[in-house]
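Following: one structure in structure tokens, then a few remarks.
Values in this text are rule-based calculations from the coordinates and carry no lab data. What you are looking at is a predicted structure, and each value in this text was computed from that prediction instead of being measured. Cβ placement follows ideal geometry from the backbone for every residue including glycine, while neighbour counts extend to all protein chains displayed.
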Amino acid sequence: MKEYNPEKIEKKWQKKWEEKKTYQAKDKSKQPKYYSLIEFPYPSGDGLHVGHPRPYIGMDVISRKRRLDGLNVLFPIGWDAFGLPTENYAIKTGKDPRVVTKKNTDIFRRQIKSLGVSFDWSREINTTDPKYYKWTQWIFLQFFKHGLAYKAKMAINWCPKDKIGLANEEVVAGCCERCGTPVEKREKEQWMLAITKYADRLYKDLDDVDYLPQIKLAQRNWIGKSEGAEIEFLLNFKKNPKDNERRGPDGKPALIKVFTTRPDTIFGATYLVMAPEHLWITLATDNNHDVLENKEEIKTYIKKVKNKTEIDRTSEGKEKTGVEVKGVVAINPATKQEIPIWVADYVLPQYGTGAIMAVPADDARDKEFAEKFNLAIIENYKKAGMEDYGKKVTKFKLRDWIFSRQRYWGEPIPIINCEKCGLVPVPEKDLPVELPKLTGKIKNYLPTDSGESPLANISKWVNVKCPKCKGKAKRETDTMPNWAGSSWYFLRYADPKNSKAFADPKKLKYWIPVDWYNGGNEHTTLHLLYSRFWHKFLFDLGLVPTSEPYKKRTSHGLILAEGGEKMSKSRGNVINPDEIVKTYGADTLRLYEMFMGPFDQAIAWSEEAIIGPRRFLEKVWKIGEKVSKQKNSSVFTLPGLPGGSYAVQNSSVSKLLNKTIKKVEEDIQDMRFNTAISSMMILATEMDKNENVNKEDYKKFLQILSPFAPHITEELWSRLGEKKSINNSTWPAWDQNLIVDDEIKIVIQVNGKVRAEMIIQSTDQEVKIKDQALKNEDIVKYIAGKEVKKVIYVKNRLVNIVV
RNA sequence: GCCCAGGUGGCGGAAUUGGUAGACGCGAUAGACUCAAAAUCUAUUGAUGGCAACAUCAUGAGAGUUCGAUUCUCUCCCUGGGCACCA
């Protein structure tokens, strides 16, 4: 076997590693633990494309490096398999989502395995497995029992033709993706999780974790902590003087509470604006109240606003709309002036109090609105103190999490609705509440006409006895969002087969927190925040050992198709890794994906460029042939010293090797995989040129390459006579003495422009170097006859002469 | 619109974080080997001018700070991602 034949050696080693359980994490070990984590994939029907493995390979490099560092590494994988695409596919084809999921995970598993990623497959999990979602439901019950899961009326996207609730993604340009009918908003009772109760801690504890700065920033912006004041504006009713007894339509004192981050600008507040959804205006326009002069006009406006998206409503570019609330005015507590009240959709109901004081002199949106509707703008108004007119409060943009889906393919919410007892949790002993199989007459995965989940159609499943009073009751038919299963999956990996608890506390104590979690930027504010929330809740219950789940978080960029577009089946530009593995080998694919560009940035695939990494591996192979032919002439044993053999150092290659070991080590830690590979390419070229490459040097090279290209290095390693796997070896140490150069080339600049080069000794003093530079013959002609104002020396870099 | 990331040769990108812009790879051109081709090897490869030494220009655009700016500041343009029911 002279030629490099990746197909043969890759399959061979993958089989051996599996047999020898090389990558299985040990629950008990004297070695320190290391938990590295990737976001478990959604097994879509399109199969794996070359973008999927990028983060896996990246974290695989980290994990393999950690093993060589002597750590007990947990690097697990599973399937986040509930979700819309599978459900929609099931609706279209009538196939059981379970069958579809099984098929898809089988394909994904085979494909991922073919890349030699060092996952511990013995811990594989699947969120759709009842043994798994039993615990998702169990955690939900804990939320419910602690009052953090509750029901509330929320607006959902509703297609009036298909009569189903739609995900935001299924709404295209305001219309239903399937039938094109304009989408309406519809109020529906939804399960909510009170993530806002944790807003402060989710914000503050970011200080203690090692996330990339932009990830922290994104989370902070999302939580949207702002300090400001709530100020009460008293109302004055015009239509009926009796109303001025300071009683509003809701029976409370007639006032509107606003939230502002700038209470100091109150003297400039010339009108109030309420969100169309504001409770005050809802009540004031209903049939029981008659305080407003233009109720119908306002009601028409509110109806119109209802179907706009939030982005449309708050975009500065879009023209502002609104109506004045006639028949009532507010009194500015600072100026004592009467100011008009408006309803406008640029104010959102969820944030602050759903009402603002408008200061058009200071706020761009208020100004735009005031100019359109001819409202007063005061410039040069007096500034007030922060707490002169209202009390200081902290508000968060973060909203509670809508946790219901009217879908089939999700975890059933384990609640029973009893006519007498109300919402009753399913007893823990009855978990999991399994999804009923759709058999016999019912083969329909569509939601019901009333907008309920398809589960509502299955009366046998729905109708149950109340666990409390044994009376008639019905199961909750809403299911959980796909975010549920992924909010705690990393805990399950610590103990994936446990049937008594979601995980053994001892094992959690050993493995948690996750040491390094890498994932997509698109998950920064949802999944990452949700899972931190669940983890904190479990921590408060004493069920997990840490208040934060992940010590470190980094992100990867997407791989785009050749034109720079997203890869998708519908565009027909998907590249299947199977073909790349077949043509070039898994090691080449791995190297290429790590080499193609910075790990955290989106990058376009290029079929043409893959050949580079392949040529590099051919070269590594060639050097291996050369080295293995050498007799051990370059290794000798020093008499008198125990055991070891001492290599004769080939100084130029050895120096470069030591520099490369250091560089690769540092680059892996910072995920600068592309430059790590580039430095190894330089080393390989150097070894290839050199007649006598020391065997020990070459083996060190194989070791530092092995996290990137595990198959070829394992093969070459064993050919050099090593009996143990390269995985069980130790990362080579670099020698500081071999890294420092004695002679250094520096440049000489005149006025910042490079004019000459010179060689200095590393021991040279600054004065000597400056003097040498001024005397340099190329430099003399540039500075002759000119006054030297300044000479700047940057250590080991340059001398700059300013004339 | 708001928030985030980015814009460097023909292409992907590098630049020790203020210190030689273009490492490494792809592609291209020429040569070696070959009957020939492929593969491989060697050399060249930012632009302009010049026989050459060399000079000038050049990191999205414009300004600023500095001995020195791809890097820092300001203004603007463009691309990608997120915006709460996609995963």
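The table below gives the values:
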| item | result |
| --- | --- |
| Sorted by Cβ neighbour density within 10 Å, fewest at the top, the residues A:459, A:654 | A:459, A:654 |
| Candidates per GluC sites (Glu not before Pro) in the range A:650-758, loop by DSSP, up to 14 other Cβ within 10 Å | A:691 |
| For A:726, A:783, order by how many other beta-carbon atoms lie within 10 Å, fewest first | A:783, A:726 |
| Estimated distance in nm for a label pair at residue A:167 and residue A:741, the labels positioned 7 Å out from Cα along Cα-to-Cβ | 5.5 nm |
| Chain A: relative contact order as a whole-number percent, Cα under 8 Å and 6+ apart | 14 percent |
| GluC sites (Glu not before Pro) restricted to DSSP loop in the range A:529-600 with at most 11 other C-beta within 10 Å | A:565 |
| Calculated FRET value between residue A:310 and residue A:611, using beta carbons and R₀ = 51 Å, to 0.05 | 0.60 |
| Linear extension gain, residue A:420 paired with residue A:459, 0.36 nm per residue minus alpha-carbon span | 12.1 nm |
| Within straight-line cross-link reach of residue A:626, lysines at Cα separation under 19 Å, skipping those fewer than 8 residues along the same chain | A:2, A:689, A:695, A:699, A:700 |
| Simple Cβ-charge dipole of chain A, Lys/Arg +1 and Asp/Glu -1, about Cα centre, in debye nearest 20 | 2300 debye |
| The range A:695-782: C-alpha gyration tensor shape, a/c 1.5 cut-off, then a/b vs b/c | prolate |
| Cα centroid separation - the range A:131-180 against the range A:772-798, whole Å | 72 Å |
| Charge-dipole axis of the range A:507-608 as Lys and Arg at +1 and Asp and Glu at -1 on Cβ define it, positive-most pick from A:525, A:510, A:597 | A:510 |
| Set of aspartates and glutamates with alpha-carbon distance to residue A:161 below 17 Å, sequence-local pairs under 8 removed | A:170, A:177, A:184, A:187, A:449, A:452 |
| Cα long-axis angle, helix A:213-223 against chain A (0 to 90 degrees, to the nearest 10) | 10 degrees |
| Least to most buried among A:596, A:274 (fewest other Cβ within 10 Å first) | A:596, A:274 |
| Rounded to 5, percent antiparallel among DSSP beta bridges of chain A | 75 percent |
| Too-long pairs where the Cα-Cα distance tops 23 Å, listed order kept, from A:619/A:663; A:188/A:303; A:306/A:566; A:21/A:134 | A:306/A:566; A:21/A:134 |
| Burial ranking of peptide ranges A:184-193, A:350-359, A:412-421 (average Cβ count within 10 Å, highest at the top) | A:350-359, A:412-421, A:184-193 |
| Proximal lysines to residue A:770, defined as alpha-carbon separation beneath 21 angstrom and excluding residues fewer than eight positions away on the same chain | A:745, A:753, A:781, A:786, A:789, A:790, A:795 |
| Estimated 222 nm signal from helices in chain A, with DSSP H stretches of n ≥ 4 weighted -39500 (n - 2.57), rounded to 500 | -10000 deg cm²/dmol |
| For the range A:691-721 versus the range A:29-93, the gap between their alpha-carbon centres in whole angstrom | 27 Å |
| DSSP-assigned coil residues among chymotrypsin sites (Phe, Trp or Tyr not before Pro) in the range A:517-559, each with at most 12 further Cβ atoms within 10 Å | none |
| Gain in span if fully extended, residue A:626 to residue A:575, counting 0.36 nm per residue against the direct Cα distance | 14.7 nm |
| Length-normalised contact order for the range A:657-803 - Cα pairs under 8 Å, 6+ apart - percent | 18 percent |
| Virtual paramagnetic centre 7 Å along Cα→Cβ of residue A:16, amide N under 13 Å, in the range A:703-741 | A:710-729 |
| Order by protection proxy (mean Cβ within 10 Å, highest first), peptides A:773-779, A:376-382, A:394-400 | A:394-400, A:773-779, A:376-382 |
| Charge tally in the Cβ shell below 12 Å around residue A:756, where Lys, Arg are +1 and Asp, Glu are -1, residue A:756 excluded | +2 |
| Extreme residue, positive dipole direction of chain A, given options A:683, A:731, A:425 (C-beta unit charges) | A:425 |
| Tilt relative to chain A, helix A:695-705 - C-alpha long axis, 0 to 90 degrees, to 10 | 10 degrees |
